[in-house]
Amino acid sequence: GTPSRALTRHALARASLLRARLLERRHPPPAPVPASGLARRTLPAAETHRRHVSSPSSLGARDAMADGNDRNWNALLKWSLAQTDDGNTANVRDGDGAAAPRVISEADRAWFLQAMQNGMVDEIKRMKAIAAAIGPNADKVLPSQEDIDARLELMHELNDRVCSVDNGGDLHTIGGLVPVVLNLSSPHAPLRAAAAEIVGTTVQNHQKAQLAAVECGAVAPLLRLVQGEGGDAEPSGDGDASKHGSGVGFESEDSGRKAKRLAECRVKALLGLSSVTRGCPRAVAEFFKLGGAKSVARCVEETTLVDTTDGDALSLRHLTLKAKTKALHLARHLCVMSDKTMSIVIDADFVTRAASALAEAVPSFGALGTSWSDAFRRAEKQTMSVDAILGSQLREASLRLLLDIARCVDFEKEPKALDQLRGQRVVDAVNVVGRWYATFDADEKSTFQDEMTVCAELAKMFG
C-alpha cells in the first residue's frame, strides 16, 4: 500500500496493542483450576437461573453482549497484527536498522477515534430506539408478515440486551417496559410470547425491575396468556394498522400449528410470572388477587397424549410438558413463602395434580411395556430424546413440589394437605415411579439420580 496508509495501519496496530495490554491488566486470566474444583464451583443465583431458562443460542448472544466491547478490541487487534511486519507495517527504520518511532498526525488520530466510535453500541440509545419501534399499534393487527417479523426481530434483540442486569434495571427508566407490556396483548401470538420472555428476562433477580413490571400492569396480561386467551391473527393486508382494533384479522388455521403458538405463549408467560413473583411480595399479592394459583394449577392438568407422528403435535406435547414443569416450579416457590401462600397452593389442588403429572411422565414398563423396551433403553443410553429429558424434568418437579409441601406445611392448620398427600392418587404415583426405578441398571440410575433421591426422601416421609 501507500506510505500514508502503511503509517495509518502502524498507528492502529500500536494503539490496539496498548489497548489489549490494558485489558489484560484489567481482566487478568484466571488461575488454573483443577477438574475437581471446577466441578464444585458454585454459580451465583442469577447465573444459575439464567442457565435454566435460556436456550443455548440465546446464551451465546448474551455472552457476546456482556463482553462485546472487549471482543471489538480483540478483533481489531487480530486484524492489526495481520497487517504488520514485526509490528512495523510502514517499515520505518533508523540508521541501525531498528524500527524508528514516529509521531501520529492529528488526521490519523481522528480517523482512529472515529473508527473506534463506529464499532461501539450505545446500549441505552439502542434500547430506546427498539422501544419506540415496538410501541405503536402494539395491540393492533399489523399490516403484513414482514411487519410482524421485523418487530419480532427487534424484540429478540431487546431480550438479548436486557440480559445485562444494568440494562434490565434501565429498561423501565427509559420508558421501555411499557411498550413491552403492551405487546403482551398483541393479536399476534409470536409477539405476545416474545414480550413475555422480555418481561421474564428483565425482572429476574432484580427487585427494582419486578416492582416496575407490577406498576406497568404486567401480571394480568401474563395470567391471560397462561389461561390460553388470545388467538393468532393474520396480517390485515393493508398499510394502516391503526384502522383495525385489537383482535381484527383472520384467525390462523385451526391446527396443531396454531395450538403450538398459543402453547409457546403459555410457556413464556409462566417464565414471566415466575421471575416477577420470585421474592417480590407485591407481585405475589397481585398474582393471588387475580386468581393466579388456580390458573397455573390448570396448566398441570393439560393432556400430553398426542399423535407423535405429527410434527406440530409432537412440538405441542413438548411445550405442554415444559408448561407443566414451569407451573410446578412456580407453585414450589409460592408454597414456601408463608402459611398463607401454602394454604392457597393447597386449595388450588396442586398436590393431586402434581401426582397425576408424575404418573403420566412415567414410561410404560413391565411385561407389557411399550415405551420402556430394551431397544428404547439402548437408544436412550446413546442420546436421550427430547421426550425423555422433558419427562425427567417433569417428574423431578412433581416430586420436589410434593416433598416441599410435605416438609413445610403445618398439618394442624391445613388438614386438607394431609388428606391429599395420603390420597390414593399420590400413593399410586409414588409407587409406580418407584417400581419403574427398580428396573434401572447402573447407567440409568446414574442418569436419573436426582429424581430418584427426591422420590426416596418422599417415600420415607410416607413411612
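Just read off the accessible area of T173 with the full protein assembly in place, 1.4 Å probe, to the nearest 10 Å². Using a 1.4 Å probe on the heavy atoms, I get roughly 90 Å². The share of alpha-carbon pairs in the stretch 261-394 lying farther apart than 27 Å comes to 28%. Over 22 Å apart at the Cα level, from the set K294/K340; K260/K322; K78/K128; K326/K445, are K78/K128; K326/K445.
Given a Förster distance of 56 angstrom, what is the FRET efficiency for A438 paired with Q145, based on the Cβ-Cβ distance and rounded to 0.05? That gives a FRET efficiency of 0.60. Stretching the chain fully between I124 and V427 yields a gain of 103.7 nm (0.36 nm per residue, less the alpha carbon separation). Pairs over the 28 Å Cα-Cα cut-off, from the set K125/K258; K258/K381; K324/K381: K125/K258; K258/K381. Placing a pseudo-label 7 Å from each Cα along the Cα-to-Cβ vector at F112 and S338 gives an inter-label distance of 6.1 nm. With K and R counted +1 and D and E -1, the other residues having a Cβ less than 12 Å from that of L223 yield a net charge of +3.
Each Lys and Arg Cβ is given +1 and each Asp and Glu Cβ -1; about its Cα centre, the stretch 348-463 then shows a dipole of about 140 debye.
The residues D139, D166, sorted by heavy-atom accessible surface at 1.4 Å with ligands and nucleic acids left out, run D166, D139 from largest to smallest. To the nearest 10, the accessible area of W79 is 110 Å² with a 1.4 Å probe.
Across the stretch 307-454, Cα-Cα pairs more than 29 Å apart make up 21 percent of the total.
Paramagnetic label reach from T173 (point 7 Å along Cα→Cβ; backbone nitrogen cut-off under 19 Å): within the stretch 125-144, residues 125-132. The gain in end-to-end length when the V165 to S105 segment is fully stretched comes to 17.5 nm, 0.36 nm per residue minus the alpha carbon separation.
Every Cα-Cα pair of the stretch 347-409 was included, and the share exceeding 18 Å stands at 46 percent. Counting only protein chain heavy atoms and rolling a 1.4 Å probe, the accessible areas of F350, F462 rank, largest first, as F462, F350. A probe of 1.4 angstrom, applied to the heavy atoms of all protein chains, finds K78 with accessible area near 150 square angstrom. Please check which bits of the stretch 418-456 a label hung off R407 would reach, taking the label as a point 7 Å along Cα-to-C-beta and the cut-off as backbone N under 17 Å. It comes to 450-456, nothing else. Of the listed residues R378, R126, R109, the order by accessible area with a 1.4 Å probe, largest first, is R378, R109, R126.
The values are calculated or read from the model by the stated rules, or taken from the named source; none is laboratory data. This structure is a prediction, so every number in the text was calculated from the model and none was measured. Reconstructed Cβ throughout: ideal geometry from the backbone, glycine too, with neighbour counts over all protein chains shown. Only protein heavy atoms, including side chains, enter the accessible area calculation; ligands, DNA and RNA are left aside. Shrake-Rupley method; radii C 1.70, N 1.55, O 1.52, S 1.80 Å.
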